Amino acid sequence: MFDDVPILSIITFIPLIVALFLIFITHISGEDALEQLEKNAPRVALIVTTVVFILSLLLVLNFDPSTADYQFTETFTWIGGGIEYRMGVDGISMLFVVLTAFLTLLCIFASQSSIKSRMIEYMVAFLILETFMIGVFCALDLILFYLFFEAVLIPMFIIIGVWGGKNRVYASYKFFLYTLLGSVLMLAAVLWIYGYAAQEFDRPTTNIETLSNELDLPVGAQTWLWLAFFASFAVKMPMWPVHTWLPDAHVEAPTAGSVILAGILLKLGGYGFLRFSVPMFPDASVSLAPLIFWMSIIAIIYTSLVAYRQKDIKKLIAYSSVAHMGFVTMGIFVVNMQGIQGAIFQMLSHGLISAALFFCVGVIYDRMHTRDIAFYGGLVKAMPVYAFFMMLFTMANVGLPGTSGFIGEILTMIGAFQYNSWIAAGAATGMILSAVYALHLYRAVIFGEQSNDKLDNIEDMKRHEIAVLASLAVMVIVLGVYPSLITDITAVSVENLINRFNVATGQE
Amino acid sequence: MNYQLILPEILLALCASFLLGIGVSKKGNRAPVIRNVAIALLVIYALVGPVLGGRSGPAANGMLMIDAYAHYLKFFLGLSGAAALLLSKSYLKTEKLDHFEFSVLLLYAVLGMGVMVSANNMLALYIGIELQSLALYVMAAFNRDSLRASEAGLKYFVLGAISSGLLLYGITLVYGFTGSVDFDGIAAAVASNGYSSGVIAGMVFILCGLAFKISAAPFHMWTPDVYEGSPAPVTAFFASAPKLAAIALMARVIIGPFDGIMDQWQSVIIVLALLSMFVGAVGALMQTNIKRLMAYSSIANMGYALVPLASGGEEGVRGMLIFMTIYIISITGIFACILQMRNRDGVVEQISDLSGLSRTNRGMAFSLTALMFSLMGIPPLLGFFGKLFAFWHAASVGLVWLVVAALIASVIGAFYYLRIVKIMWMDEGGREFIAPPASLAWTSTVSVAMVFLTIIPFIAIPARGWVEQASTSLF
């Protein structure tokens with residue numbers, strides 16, 4: 001169906017083109033027209049993101065899960081010197097494209113009512129962000145990947161800084177500089193690889209496929225390169241101890257910003273590990289895996305404990321994200337079928353669940369303008385529908401069987417168990433701890449006595465809020481009872497990744 | 001003698017003198033006419049080399065070498081001079097500084113730069129630098145009734161004279177030990193006799209003199225004061241063309257006469273690069289005046305531009321050319337915005353005056369935001385590719401540590417560029433700028449810069465083939 005069309009480029013760049021068009025229009029229109037545009041910008045953005053989402057669904061329907069090759073590939077000459085504009089998706093990246101399109105659509109939809117100022121700029125920022133995020137998952141060239149990967153910072157900086165909470169400026173700086181510092185180390189490594197590949201192949205190339213399949217890096221260099229890439233992905237992920245930007249960014253970001261942050265941006269790190277660290281530096285991935293496991297286990301246990309002590313709802317969820325990402329890194333670096341399948345599943349499912357939780361926080365924040373846990377209590381009486389959704393997503397976050405959260409965690413733990421039972425045991429305590437903080441939050445906010453008078457007149461969820469959460473709820477349950485929806489698509493690619501890894505490290 | 005090749009320079013010199021004569025002898029304010037003629041001249045000067053097929057060869061008894069390298073640089077020097085004139089118009093008018101000498105001086109400065117980038121002889125090098133510098137000293141003090149501008153001019157002159165002294169001293173040393181002032185002659189002498197400590201000392205002096213011109217640390221002290229004191233259009237010009245010319249000349253010097261002693265100059269360049277990028281990045285952190293901030297930013301950027309030079313070779317020169325080209329495009333765009341900073345009380349230069357710009361002037365806020373992210377080197381903006389091309393050669397010849405240092409400095413630098421973005425988008429309460437009458441110049445310059453910054457990266461880096469030609473011609 002998409003044989004002759006550069007479908008990935010179309011999906012990627014439609015939002016950017018519309019955003020540039022919106023900027024252009026604001027420049028040439030007068031005061032009256034601007035007012036009109038403020039009203040229409042959200043509608044335009046909604047149409048665009050819907051189109052992108054539908055296209056991404058069509059893409060999945062046309063995706064052939066029986067091969068590990070990249071599909072829908074397109075190659076154009078770009079800046080020369082072996083650097084090409086190359087796009088394509090395989091089983092690993094395919095579903096992230098859909099997730100991005102889906103969450104952006106929900107964000108735009110949910111923001112229509114919650115954002116009060118500078119509608120045009122807000123929509124422009126989200127559309128640009130969508131382009132960059134989809135681009136990251138489609139890029140098959142190292143430089144192109146880096147371009148999208150780092151470009152994400154620009155719109156996110158503006159989103160947190162302009163529409164965020166009280167301490168937004170501090171949070172946006174911290175987010176930007178922290179992640180930038182991580183990425184530039186990766187850039188240095190990319191430049192080194194470029195030079196090395198030019199010597200090895202007698203022609204420079206940054207083609208990700210060629211680099212990961214054919215380039216044989218010396219073990220000593222692998223360690224350094226692995227660490228440089230690690231610096232970037234670990235910050236993005238974020239892994240303990242470089243996770244400290246995340247709670248600040250989450251707390252200050254507007255609801256939709258938090259959703260994108262937790263839903264997509266955190267996954268860029270995990271995706272990077274899968275796409276680069278494991279296939280390109282297999283030896284280093286083996287020798288440095290213990291480092292990852294330690295950091296993952298500490299992240300799971302420590303941040304779960306920290307989460308329990310939080311007074312701010314968003315901060316609590318932010319720390320729980322760090323803990324959940326610990327399962328992902330653990331799953332990736334055990335490098336077996338269950339581990340990696342679980343890691344991908346966990347990333348996708350956490351994308352849905354954390355997004356849903358942040359939407360839930362947004363619902364009460366829009367009404368009361370506080371995220372203080374102590375402020376709330378007894379919401380179940382005034383907001384029964386809300387209590388239902390919150391319960392569902394809290395349980396999913398804990399990893400209750402029947403929800404998607406369970407599948408991801410159990411798969412990564414099975415994977416880890418085959419590798420080393422102690423690691424799996426450490427991670428399992430995290431599951432218990434996650435129940436502790438999540439149920440604590442639920443009890444404090446939804447149950448208990450309603451002691452605060454201000455909550456007397458709080459409204460239950462409106463129709464559009466229900467629509468957002470219901471769509472996420474359906475996804476979470478469907479994936480929970482029928483995980484093959486995801487694992488069938490990813491299986492062949494993951495198997496291929498593992499086979500290559502085993503050959504490279506001599507385990508076969 | 002081959003006069004054809006230097007015909008553009010000869011014509012430029014004659015026309016500049018002719019315009020000077022007209023300006024002095026005719027009554028009334030001839031500044032607008034002279035400016036328009038000067039702009040036209042500069043555009044012609046920029047285009048003549050590439051359009052006429054880029055004929056090359058030695059000229060003026062081998063004093064100058066007109067090659068693809070020179071053509072490439074003259075193209076950008078001419079255009080950036082023309083842009084500076086175009087942008088200066090409304091500023092000079094409202095500040096009552098609209099004298100015809102400005103255009104004439106700028107023409108002489110560009111002429112000097114033209115000589116610099118095609119120099120093939122130490123004397124031509126010196127003449128080019130002096131011609132350029134003397135014009136720039138006067139331009140710095142162009143607002144002679146302003147104390148700060150006079151101070152800037154004087155400071156620039158005194159320190160510039162010292163650097164010229166260093167340069168001359170170096171040239172005499174090199175002449176004394178090699179017996180030649182000709183680039184080829186020096187190279188031959190170094191190749192056949194090996195080098196002595198005298199040549200090395202001479203080379204270091206010459207490099208120091210040139211480092212002063214590109215405001216590389218530790219020879220950067222004059223930059224913030226001169227940038228701040230000079231009238232804004234002059235600063236805009238200072239930040240672009242002279243930097244490009246001086247660093248291009250530096251490349252000529254290290255690749256030409258001193259090619260054989262790369263291990264000697266490499267360490268000098270590395271030290272200059274390292275110091276510049278960190279002095280620039282750290283120095284800018286606490287600035288409140290936007291021109292001072294841009295001064296430190298230019299110091300840091302010169303540090304990055306020296307990284308590819310330090311890695312040497314054709315690839316290195318290419319990286320430097322691409323980086324500098326992108327840099328002057330960005331800097332012209334930024335100064336086009338800075339020149340717009342004027343509220344009811346007159347010209348303002350504090351960064352805090354930009355607060356709330358995203359509400360009062362969306363167009364400028366969007367442009368300046370993109371320009372700042374580009375200078376930061378964040379993709380997908382063009383500035384990222386500048387750094388990419390500048391650094392990748394260095395990374396493959398064993399200077400990875402220098403690249404890492406440069407990248408870390410650029411993270412520090414990101415902080416102050418972010419501050420400008422933050423002030424525009426996240427602070428409130430700045431007073432609205434008055435839109436000046438000649439916004440056509442602004443719009444065109446900024447839109448050209450914006451097109452370059454945002455759209456070009458996705459299509460291709462346009463000048464690449466040309467840059468390759470230019471850098472090859474140097475070897």
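What about A:Ile83, is it within 14 Å of chain B (Cβ to nearest Cβ), touching a Leu at 6+ places or on another chain (Cβ under 9 Å) and surrounded by fewer than 20 Cβ atoms within 10 Å (Cβ to Cβ)? Reasoning before the result, please.
Working: within 14 Å of chain B (Cβ to nearest Cβ): yes; touching a Leu at 6+ places or on another chain (Cβ under 9 Å): yes; surrounded by fewer than 20 Cβ atoms within 10 Å (Cβ to Cβ): no.
Spelling it out, it is not the case that A:Ile83 is within 14 Å of chain B (Cβ to nearest Cβ), touching a Leu at 6+ places or on another chain (Cβ under 9 Å) and surrounded by fewer than 20 Cβ atoms within 10 Å (Cβ to Cβ).
Scan (1) farther than 19 Å from B:Ile408 by Cα; (2) free of Cβ contacts under 8 Å to residues at least 60 places away in the same chain for the single condition B:Phe373 breaks and write down its number.
B:Phe373 satisfies all of (1) farther than 19 Å from B:Ile408 by Cα; (2) free of Cβ contacts under 8 Å to residues at least 60 places away in the same chain except (1).
A:Glu459 versus (1) exposed (fewer than 14 other Cβ atoms within 10 Å of the Cβ); (2) within 18 Å of A:Tyr319 (Cα to Cα); (3) acidic (Asp, Glu): which is the lone unmet condition?
Looking at each condition in turn, A:Glu459 falls short on (2).
When only residues in region A:37-61 that are farther than 26 Å from A:Phe72 by Cα and exposed (fewer than 14 other Cβ atoms within 10 Å of the Cβ) count, which is farthest from the chain's Cα centre (by Cα)?
A:Lys39
Give the residue that is nearest to A:Pro204 (Cα to Cα), with candidates limited to residues of region B:401-420 that are of a type in the set (Val, Ile, Thr) and at the interface with another protein chain (Cβ under 8 Å from one of its Cβ atoms).
Going residue by residue through region B:401-420, those that are of a type in the set (Val, Ile, Thr) are B:403-404, B:408, B:411-412, B:420.
Next, only the ones that are at the interface with another protein chain (Cβ under 8 Å from one of its Cβ atoms) stay: B:403-404, B:408, B:411.
Values: B:Val403: 19, B:Val404: 21, B:Ile408: 26, B:Val411: 27 Å.
Once the filter is applied, the top-ranked residue is B:Val403.
Answer with yes or no whether A:Glu84 is more than 30 Å from B:Gly465 (Cα to Cα) and at pLDDT below 90. Please lay out each step first, then the result.
On the way: more than 30 Å from B:Gly465 (Cα to Cα): no; at pLDDT below 90: yes.
For A:Glu84, the condition - more than 30 Å from B:Gly465 (Cα to Cα) and at pLDDT below 90 - is not met.
Inspect all residues belonging to region B:129-149 and state whether any of them is out of contact with any Leu (no Cβ under 6 Å at 6 or more places or on another chain), farther than 30 Å from B:His99 by Cα and not in a loop (DSSP other than H, G, I, E, B).
Scanning region B:129-149 turns up no residue that is out of contact with any Leu (no Cβ under 6 Å at 6 or more places or on another chain), farther than 30 Å from B:His99 by Cα and not in a loop (DSSP other than H, G, I, E, B).
How many residues, within region A:443-480, are of a type in the set (Ser, Thr, Tyr) and at pLDDT below 90?
Result for region A:443-480: 1.
Run down A:Ala249, A:Ala197 and say which single residue is surrounded by 23 or more Cβ atoms within 10 Å (Cβ to Cβ), hydrophobic (A, V, I, L, M, F, W, C), at pLDDT 85 or above and under 29 Å from A:Ala323 (Cα atoms). It would help to see each step written out before you state the result.
Numbers: A:Ala197 fails: under 29 Å from A:Ala323 (Cα atoms).
Sole residue among the options that is surrounded by 23 or more Cβ atoms within 10 Å (Cβ to Cβ), hydrophobic (A, V, I, L, M, F, W, C), at pLDDT 85 or above and under 29 Å from A:Ala323 (Cα atoms): A:Ala249.
Residues are listed down the side, and each one gets a yes or a no for (1) over 21 Å from the mean Cα position of the chain (by Cα); (2) modelled with pLDDT under 90:
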residue	(1), (2)
B:Gln4	yes, yes
B:Cys15	yes, no
B:Gly23	yes, yes
B:Arg30	yes, yes
B:Val37	yes, no
B:Ala40	no, no
B:Gly54	yes, yes
B:Gly57	yes, yes
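Considering each residue of region A:384-398, count those that are buried (at least 19 other Cβ atoms within 10 Å of the Cβ), out of contact with any Ser or Thr (no Cβ under 7 Å at 6 or more places or on another chain) and within 20 Å of A:Ala307 (Cβ to Cβ), and give that number.
4
Answer yes if at least one residue in region A:3-13 is surrounded by 13 or more Cβ atoms within 10 Å (Cβ to Cβ), in contact with a helix residue (DSSP H, G or I) (Cβ under 8 Å, 6 or more places away or on another chain), within 14 Å of another protein chain (Cβ to nearest Cβ) and aromatic (Phe, Trp, Tyr), and no otherwise.
Yes, region A:3-13 contains at least one residue that is surrounded by 13 or more Cβ atoms within 10 Å (Cβ to Cβ), in contact with a helix residue (DSSP H, G or I) (Cβ under 8 Å, 6 or more places away or on another chain), within 14 Å of another protein chain (Cβ to nearest Cβ) and aromatic (Phe, Trp, Tyr).
Within region A:94-121, work out how many residues are of a type in the set (Ser, Thr, Tyr) and surrounded by 24 or more Cβ atoms within 10 Å (Cβ to Cβ).
2
Can you pull out the residues in region B:386-400 that are surrounded by fewer than 24 Cβ atoms within 10 Å (Cβ to Cβ) and facing chain A (nearest Cβ under 9 Å)?
B:Ser396, B:Val397, B:Val400
Only residues that are more than 12 Å from chain A (Cβ to nearest Cβ), assigned to a helix (DSSP H, G or I) and β-branched (Val, Ile, Thr): list them for region B:336-382, please.
B:Ile338, B:Ile351, B:Thr360
Taking region B:456-475 as the region of interest, how many residues are assigned to a helix (DSSP H, G or I) and either at pLDDT below 70 or among the charged types (D, E, K, R) (or both)? Step through it out loud before you land on a result.
Residues of region B:456-475 assigned to a helix (DSSP H, G or I): B:456-459, B:464-473.
Next cut, either at pLDDT below 70 or among the charged types (D, E, K, R) (or both) only: B:456-459, B:464, B:468.
Of the residues in that region, 6 qualify.
Scan region B:360-380 and tell me whether some residue there is of a type in the set (D, E, K, R) and at pLDDT 80 or above.
Pass one, region B:360-380, residues of a type in the set (D, E, K, R): B:362.
Pick out the ones that are also at pLDDT 80 or above and you get none.
Within region B:360-380, none of the residues are of a type in the set (D, E, K, R) and at pLDDT 80 or above.
Looking at region A:229-243 only, could you name the residues that are surrounded by fewer than 22 Cβ atoms within 10 Å (Cβ to Cβ) and modelled with pLDDT of 90 or more? I'd like the intermediate steps shown before the answer.
Filtering region A:229-243 down to residues surrounded by fewer than 22 Cβ atoms within 10 Å (Cβ to Cβ) leaves A:231, A:241-242.
The answer is A:Ala231, and nothing else.
Going through region A:133-170 one residue at a time, which ones are within 30 Å of A:Gly82 (Cα to Cα) and without any contact (Cβ under 8 Å) to a residue 24 or more places away in the chain? Before you say what the answer is, go through the steps one by one.
So the first thing to find is which residues in region A:133-170 are within 30 Å of A:Gly82 (Cα to Cα), and the list is A:133-155.
Listed by number, the residues that qualify are A:Leu147, A:Phe148, A:Ala151.
Tell me whether region A:140-155 contains one or more residues that are buried (at least 24 other Cβ atoms within 10 Å of the Cβ), in contact with a Gly (Cβ under 7 Å, 6 or more places away or on another chain) and either hydroxyl-bearing (Ser, Thr, Tyr) or more than 22 Å from B:Phe373 (Cβ to Cβ) (or both).
Looking for residues that are buried (at least 24 other Cβ atoms within 10 Å of the Cβ), in contact with a Gly (Cβ under 7 Å, 6 or more places away or on another chain) and either hydroxyl-bearing (Ser, Thr, Tyr) or more than 22 Å from B:Phe373 (Cβ to Cβ) (or both), one finds at least one in region A:140-155, hence yes.
Sort out which residues of region B:297-315 are within 10 Å of B:Ile269 (Cβ to Cβ) and at pLDDT below 90, and write them in order of number.
B:Ser311, B:Gly312
I'd like to know if region A:414-433 contains one or more residues that are surrounded by 18 or more Cβ atoms within 10 Å (Cβ to Cβ), in contact with a Lys or Arg (Cβ under 9 Å, 6 or more places away or on another chain) and of a type outside the set (Asp, Glu).
So far as region A:414-433 goes, no, none of its residues is surrounded by 18 or more Cβ atoms within 10 Å (Cβ to Cβ), in contact with a Lys or Arg (Cβ under 9 Å, 6 or more places away or on another chain) and of a type outside the set (Asp, Glu).
Residue check, A:Gly408 against (1) crowded, with 24+ Cβ neighbours inside 10 Å; (2) assigned to a loop (DSSP other than H, G, I, E, B), all met but one. Which one?
(2)
The values are calculated or read from the model by the stated rules, or taken from the named source; none is laboratory data. Everything numeric here is computed off the predicted structure, so don't read it as measured data. Quick reminder, even Gly has a Cβ in these numbers, built from the backbone with ideal geometry, and neighbours come from all protein chains shown.
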